[in-house]
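In what follows, a structure is listed as structure tokens, so that the remarks can point back to it.
The values are calculated or read from the model by the stated rules, or taken from the named source; none is laboratory data. Just so you know, these numbers come straight off a predicted model, no measurement behind them. Because the Cβ atoms are built from the backbone with ideal geometry, glycine has one as well, and the counts that use them run over all protein chains shown. Heavy atoms of the whole protein, side chains included, go into the accessibility calculation; ligands, DNA and RNA do not. Shrake-Rupley method; radii C 1.70, N 1.55, O 1.52, S 1.80 Å.
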Amino acid sequence: MVNKEKIYNKLPVFLQNMAIHAEGWKINRRRYDGAYNSLLKSAQERTFWTEPQLHKWQEQKLKDFFSSICKNSYWSDQFLKYGIDLVQDSPFEVLSKLPILNKSEVQKNRLSIINPVSEETISRHTSGTTGGGLVFPETHYSEQLQWAIWWRYRNWNNIDKHTWCTYLGGRSIVPIQQDITPYWRVNKPARQVMYSLYHLSEKTARQYLDDIQRRRLPWIHGYPSYISLLANYVIDSQRIGQFDFVQSITTGAENLLDTQISIIEKAFGVKPKQHYGLAEGVANISMCPEGRLHVDEDFSLVEFDPIEGLEGAHRIIGTNWNNTAFPLLRYDTNDVAILTPNQSCACGRAGRIVARIDGRQEDYLVLPNGVKIGRLDHIFKDMINIKEARIVQNSVTNARVEIVKREGYRDEDEKMLLREFVSRVGGDIHLEFAYLDQLPRTKSGKLKFVESNIK
């Protein structure tokens with residue numbers, strides 16, 4: 001089998017750009033040809049639908065979905081096991097009778113969950129950072145609809161497909177052994193300048209910033225941990241005010257922390273907008289121009305399941321009625337949302353409002369008494385001499401804070417950090433500090449703010 005990555009890595013830069021252009025054109029054609037424009041138009045028309053309209057839409061979508069998967073071996077067995085009658089039971093009754101489906105169950109039964117369909121499918125995969133990856137088929141329709149929903153959210157925030165983007169995502173587009181500029185490649189069909197996450201450092205940051213400034217790219221998109229890292233370099237190099245051409249900043253793939261928001265806004269003068277979505281297509285949550293997170297109720301059926309011991313926290317459970325090739329009903333995303341009692345928004349858009357996405361269930365510090373503590377990024381809110389930090393917990397009595405310092409970091413900062421930690425967590429956990437040049441990332445380039453190894 002031809003190893004495309006090895007061949008790509010040996011190409012000169014101009015041929016790598018040509019290869020990325022060709023791949024970008026191929027992906028764009030698949031995502032945006034045929035029915036895409038009508039799907040986007042329909043999605044935009046549903047933006048201000050009322051709750052009764054959305055309820056009726058969900059009911060019909062679920063009916064059609066159940067009809068298309070009723071002969072699937074896995075789900076027909078589940079319907080039989082839990083006494084479900086697809087004719088007599090309402091779609092919402094069907095879901096209420098089914099248990100919540102976790103990822104390990106899906107991995108174990110992947111082949112029987114796959115549903116034969118007549119239309120074209122592509123292969124999708126999820127990250128393996130939380131207990132193993134998942135590979136599954138997705139229909140062409142499902143992929144295009146998901147991108148229509150994502151572009152609807154971007155359109156809300158004055159971004160369209162013609163807007164050029166500074167892209168800071170997890171794709172490896174510059175050979176890791178390369179040690180000279182340019183540390184970026186250009187995807188013209190997608191209007192992206194793709195900057196390598198794996199080469200961004202104090203040594204190379206100026207070259208990144210100079211190129212972004214030269215191109216005057218109006219939109220920054222990517223992992224919040226890397227956007228905030230780039231923002232730190234803007235602040236450290238005293239270049240605040242030089243990037244006033246940046247009009248929009250959007251984040252995905254990681255939880256957006258309050259500390260990151262402050263750093264990004266200080267550096268670029270723009271408050272980042274957050275979006276929540278996942279490859280399985282069971283849930284989508286988009287931020288409106290007012291800065292509030294709305295559930296995209298017309299995209300999938302989302303449930304919020306309260307988590308015992310975590311006040312206000314809920315598991316995000318979803319049903320992906322669009323992907324008939326791999327039907328997931330009541331799928332546990334393992335992500336956590338904090339709900340808000342205030343369900344009105346000045347923007348007038350439909351959808352339940354989420355106060356914040358709170359990471360994953362394992363992204364919590366566990367106290368000796370069993371209590372779980374989240375949103376610990378507030379500890380670092382006023383720590384102006386820290387570039388990045390994360391917390392690693394290996395036992396309920398010990399935790400380690402890993403820190404990338406700024407030049408002005410002093411012993412007083414460590415003492416203040418310890419006081420802030422104790423004021424929020426108490427004194428039952430022994431805290432130690434480790435100072436690093438850079439924080440470790442996952443294979444896909446993501447940063448986990450809390451690395452919990454507590455079973």
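The aspartates and glutamates within cross-link reach of LYS41, meaning a Cα-to-Cα straight distance under 18 Å and a gap of 8 or more places when in the same chain, are ASP33, GLU143, ASP160, ASP296, GLU297, ASP298. In a reduced charge model with +1 at each Lys and Arg Cβ and -1 at each Asp and Glu Cβ, the chain shows a dipole moment near 1320 debye about its Cα centre.
Taking the accessible area of the range 148-231, probe 1.4 Å, and keeping the other protein chains in place, the carbon and sulfur fraction comes to 49%.
Computed with the Debye formula from one identical point scatterer per Cα of the range 92-190, without solvent, the log10 of I(q)/I(0) at q = 0.13, 0.22 Å⁻¹ comes to -0.82, -1.25.
Residues in the range 252-267 carry Karplus couplings, in order, of x, 6, 10, 6, 8, 8, 4, 5, 5, 4, 4, 5, 5, 5, 5, 6 Hz; the curve used is 6.51 cos²θ - 1.76 cosθ + 1.60 with θ = phi - 60°, and Gly or Pro positions show x. 3J(HN,Hα) along the range 422-430: 5, 5, 9, 10, x, x, 7, 10, 6 Hz, from the Karplus curve 6.51 cos²θ - 1.76 cosθ + 1.60 with θ = phi - 60°, whole Hz, x for Gly and Pro. With Rh defined as the Kirkwood radius, the inverse of the mean 1/r over Cα pairs, the Rg/Rh of the range 138-189 is 1.09.
Accessible surface of the range 240-372, 1.4 Å probe: 46 percent of it comes from carbon and sulfur atoms. Each 10 Å bin, from zero up to the one with the longest distance, holds this percent of the alpha carbon pairs of the range 1-106: 11, 24, 19, 23, 16, 7, 0. Restricting the calculation to Cα atoms, every distinct pair contributes to the Kirkwood radius of the chain, found to be 23.7 Å.
Only Lys, Arg, Asp and Glu carry charge here, each on its Cβ (+1 for the first two, -1 for the last two); on that basis the range 308-364 has a dipole of about 340 debye about its Cα centre.
Rounded to the nearest 20, the Cβ-based charge dipole of the range 382-455 about its Cα centre (Lys and Arg +1, Asp and Glu -1) stands at 440 debye. Heavy-atom accessible surface of the chain, averaged per residue, reaches 48 Å², computed with a 1.4 Å probe.
A viscosity of 1.306 mPa s and a temperature of 10 °C, combined with the Kirkwood radius over C-alpha pairs in the Stokes-Einstein formula, give the range 240-393 a diffusion coefficient of 93 µm²/s.
Dipole of the chain computed with +1 at Lys/Arg Cβ and -1 at Asp/Glu Cβ about the Cα centre; of GLY83, THR181, CYS165, farthest Cα towards the positive end is THR181.
Rounded to the nearest 5, the antiparallel percentage of DSSP beta bridges internal to the chain is 65%.
Beta bridges from DSSP with both residues in the range 131-252: antiparallel share about 25 percent, rounded to the nearest 5.
Over 31 Å apart at the Cα level, from the set LYS56/LYS81; LYS26/LYS273; LYS372/LYS415; LYS10/LYS446; LYS103/LYS161; LYS108/LYS271, are LYS103/LYS161; LYS108/LYS271. For the chain, averaging the sequence separation of C-alpha pairs within contact (under 8 Å, six or more residues apart) and dividing by the residue count gives a relative contact order of 13 percent.
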